[in-house]
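The values are calculated or read from the model by the stated rules, or taken from the named source; none is laboratory data. Remember, predicted model here, so these are calculated numbers, not experimental data. Here the Cβ positions follow ideal geometry from the backbone for every residue, glycine too, while neighbour counts run over all protein chains shown. The accessibility values were calculated without ligands, DNA or RNA, using every heavy atom of the protein model including side chains. Shrake-Rupley method; radii C 1.70, N 1.55, O 1.52, S 1.80 Å.
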Amino acid sequence: MLRLLMLIAICSSLLAGCNSTTRVKPNTVSNKKYKVNKDIVLPLQTKVAVYVPNSKLKSEFFAVGRIHKPGKALTEATHSIFNNYFNEFSWFESKQDAQYVFKLDPTWDLEAGDLKITLNYEVFTSDGNSLFKDEVVETSGYNYLNSDAGFYNSSYKAMLAVLSRFVNKHASQVSNIPLVSLAGFDLDKLINEKPISTGTGFYINQDGDLLTAAHVLRSCLVTKVKVGDEYKAVQADASSTLLDLAVIKSGKESSSYLQLPSENSLELGEKLTSVSYPLEGLLESSPNMTFGNITSVKGLSGSKSTYQFSAPVQPGSSGGPLVSDNNELLGVTTSSLNTKSLIEQGVIPQNVNFATTPEMIKKFLNKHNIPFKQGKRNDIVSTKLTLESTTSIACYQ
Amino acid sequence: MKKVLILSVIAFLMVTSLHVKASLVLPPAQFINIVDDFLMDELKAYPMFADISAELPGSPIKVVAYLEQDTTSGGAAAEATSILLSASTLGILPVVSNKDLKLSYRILVNGQLLTEYSFIKNVTESDNIWLAQYDRKLDKDIVTWVKSTIPEVVSKLSNDAKVKALLDEYNFYFE
């Protein structure tokens, strides 16, 4: 009797476990909770575009000895269900055309052993008119050793809610919606109100070119920079992932800009001023100024383009300038030492930060024909010039 | 005529073998190994990976090798049945599952994925259900299979336009 009870308990948990390691069947278009009206024939003869923040599509993490890929599961679930509901589906790109645009933004949490997805969504016609906007919450079983099905199934179920609602309400009208180029689609309708990350940039010449770290602009749907009194959407004009540098054209001339040193060599111990915008939220940002020294003329082992400095920095300082007392641009802030593993070993490093060398900055600017000047300036206090030359950059998804 | 033909074939073979041998060489890169300890030495035996090291945290280029397991649909049913059998006896019986083992090699530049190549092997693996651990040493057959993927990934990376562009840029800035 005892064995039978244990067998029943194990069978029950086993069925739940199967759910947490097996993906939803590929042709699923409805379930007990979300149904499609009987008179609707799927797939609809409709072309749709889907926008999901890039950070969600690419998300991965390492835990329990293996790599987990919620982004891959989300991507494949989106492909599967949208192809079941519509005869033409694509990811949002300005060069595409579509009748409808779906904006999907998922977040996941673990709750009582299950994976809970909260999917914020909005559906637009291709001319930008919002049809409806809401949030759906769904759960799925979760297996710590094989998490793919959990992320896939939770994503699939949540999108089932969105799409069944859409077709039940709008299937009869799809033929009236024109196929339109998305080139004119207002991207501000797709991005979240708050930037996903912020960084810093500074003027490198009179023409209004801003230099920053390339990773500040990575995967942004919209990048905004404060130019004068207005916030302007911009794009990278030149970029190097290898050096982690990028140039943005602000479109406005600037009388305040930073010059590179005439010499490429760095002097150990030289004083530096760092200016950055470490706070998220472009409208409330104010510059942060710190001071330090060149603490090593070399970066971490294996680096050929960075050196170490001690001026305190924070997230959002990336791309900011490091300036000498003679107003020379001595580097672009790119990274800080990851101290977590060192702290676990009882070592607590402080202010171990890295910047790109002036030599590499010059090579990058020359390669991309970005004009710049060299030499010291003593006609203005370096802190004042640095502040006037620096601005904040916000990345939106 | 025969001599000309033979000489042409020999010349062609020589040129072909030179082309195969002259593969690209990656710059000094940090190697992140989530497979098994043996893989580093196996990769470094090939000129392409001669300059990889686990001790280059400052290199903007990372080479990552990792393993994943995807349960095939047949595998899930086999595993369920096996678990039921094990549970019904409440003893120690192996869990039999069919899994696709996926080995991936990635090249990253300052955290951004440049390119990735994956290899898949279907395996049947027996594990004790009560003592199952997720951190095992690889079986000998799997080690042999992993080693067999290296020449192919060398060939793919050698012909990858993104890798060639990276090397051109690296040489421009640092050589």
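Quick notes on this one:
- The single residue among A:371, A:312 that is modelled with pLDDT of 95 or more and either assigned to a loop (DSSP other than H, G, I, E, B) or not assigned by TED's automatic domain parsing to the domain that holds residue A:278 (or both) turns out to be A:371.
- Single residue of the range A:112-132 satisfying the filter (of a type in the set (A, V, I, L, M, F, W, C) and more than 24 Å from the chain's Cα centre (by Cα)) that is least open to solvent (accessible area, probe 1.4 Å): A:132
- Yes/no for residue B:61 being modelled with pLDDT of 55 or more and surrounded by 19 or more Cβ atoms within 10 Å (Cβ to Cβ): yes
- Pairs, first loosely packed, with under 15 Cβ neighbours inside 10 Å in the range A:39-65, second assigned to a loop (DSSP other than H, G, I, E, B), C-beta under 7 Å, six or more apart: A:60/A:69; A:64/A:144; A:64/A:145; A:64/B:134; A:65/B:134; A:65/B:135
- Residue ID - farthest from the other protein chains (Cβ to nearest Cβ), chosen from residues in the range A:227-256 that are acidic (Asp, Glu) and touching a strand residue (DSSP E or B) at 6+ places or on another chain (Cβ under 8 Å): A:237
- Among the candidates B:112, B:30, residue that is within 9 Å of another protein chain (Cβ to nearest Cβ), open to solvent by 60 Å² or more (accessible area, probe 1.4 Å), at pLDDT 70 or above and within 30 Å of residue A:246 (Cβ to Cβ): B:112
- Residue count, the range A:284-308 (criterion: among the hydrophobic types (A, V, I, L, M, F, W, C) and away from chain B (no Cβ under 14 Å)): 3
- Taking (1) open to solvent by 30 Å² or more (accessible area, probe 1.4 Å); (2) modelled with pLDDT under 95 in turn, residue A:227 satisfies each apart from (1).
- The number of residues in the range A:5-33 being assigned to a loop (DSSP other than H, G, I, E, B) and either more than 32 Å from the chain's Cα centre (by Cα) or at pLDDT below 85 (or both) comes to 4.
- Selection within the range A:196-215 - in a loop (DSSP other than H, G, I, E, B) and polar (S, T, N, Q): A:205, A:206
- Test: residue in the range A:138-159 that is β-branched (Val, Ile, Thr), farther than 30 Å from residue A:273 by Cβ and within 23 Å of the chain's Cα centre (by Cα): no
- Filter result (part of a helix (DSSP H, G or I) and not basic (Lys, Arg)) within the range A:140-160: A:148, A:149, A:150, A:151, A:152, A:153, A:154, A:155, A:156, A:158, A:159, A:160
- For the range A:234-245, the condition of being buried (at least 16 other Cβ atoms within 10 Å of the Cβ), among the charged types (D, E, K, R) and assigned by TED's automatic domain parsing to the domain that holds residue A:318 holds for at least one residue.
- Note on the range A:177-229: residues that are touching a Lys or Arg at 6+ places or on another chain (Cβ under 9 Å) and of a type in the set (Asp, Glu) total 2.
- Picking from residues in the range A:246-269 that are open to solvent by 10 Å² or more (accessible area, probe 1.4 Å) and not in a loop (DSSP other than H, G, I, E, B), the one that is nearest to residue A:324 (Cα to Cα) is A:259.
- Restricting attention to the range A:158-180 and to residues that are modelled with pLDDT of 95 or more and of a type in the set (S, T, N, Q), the residue that is surrounded by the most Cβ atoms within 10 Å (Cβ to Cβ) turns out to be A:164.
- Subset tally (residues that are of a type in the set (Val, Ile, Thr) and closer than 30 Å to residue A:369 by Cα) for the range A:176-215: 4
- Reported count of residues in the range A:289-342, each being touching a residue at least 40 places away in the same chain (Cβ under 8 Å), surrounded by fewer than 16 Cβ atoms within 10 Å (Cβ to Cβ) and of a type in the set (Val, Ile, Thr), is 0.
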